[in-house]
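Each reported figure results from applying straightforward, stated rules to the coordinates on display, with no laboratory input. All values reported here derive from a predicted model rather than from experimental measurement. Neighbour counts are summed over all protein chains in view; Cβ atoms, including those assigned to glycine, are modelled from backbone coordinates with ideal geometry.
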Amino acid sequence: MSATPPTPNSTATSLDVLMRLAEVIESRKGGDPDKSYVARLFHKGTDTVLKKVGEEATETVMAGKDMAANPSDANRKALVGEFADLWFHAMVAMSHLGLHPHEVVGELARREGLSGLEEFAMRGKVKTSEGGAS
């Protein structure tokens, strides 16, 4: 099994896909919660939206552990699916909280070229021996 990611079948960039998805998510605000999953999440409010991000993060961790323990095409596909769910629900949360993906992409661009330790130091955080920030 290769660590090289598959090439997308489309000429659209990843950023194009994220921006189109952000537009769709934004268009669901105020939509009918009986006709749209995203409208239903927005309707249920902040706690539901953020809990869904947490659930998806947990499922991504579990799928990552499965992939690490038993690398296979099936586990790879499951992990990609969980990351897609996590990214999607994070984008719903961003929209709900008045953020746009271009803000996050801008922050990633700002951090590009910085070592993780430099970036943590700039934020006043110190890495612990367990790998978390404190």
Quarter of Cα convex hull surface for segment 20-67, i.e. mean projection, nm²: 4.2
Simple label model, 7 Å out from Cα along Cβ direction - Ser72 to Arg20, nm: 3.3
Estimated D of segment 3-102 in µm² per second, where Rh is the Kirkwood radius over Cα pairs and Stokes-Einstein applies at 37 °C, 0.692 mPa s: 221
Per-peptide average of other Cβ atoms within 10 Å, ordering 88-101, 50-63, 14-27 highest first: 88-101, 50-63, 14-27
Full-stretch length increase - Glu103, Met62 - with 0.36 nm per residue and alpha-carbon distance subtracted: 11.9 nm
Average Cα contact separation per residue, segment 14-111, under 8 Å, 6 or more apart, as relative contact order %: 30
Calculated FRET efficiency for the pair Thr13/Glu112, C-beta based, R₀ 25 Å, to 0.05: 0.90
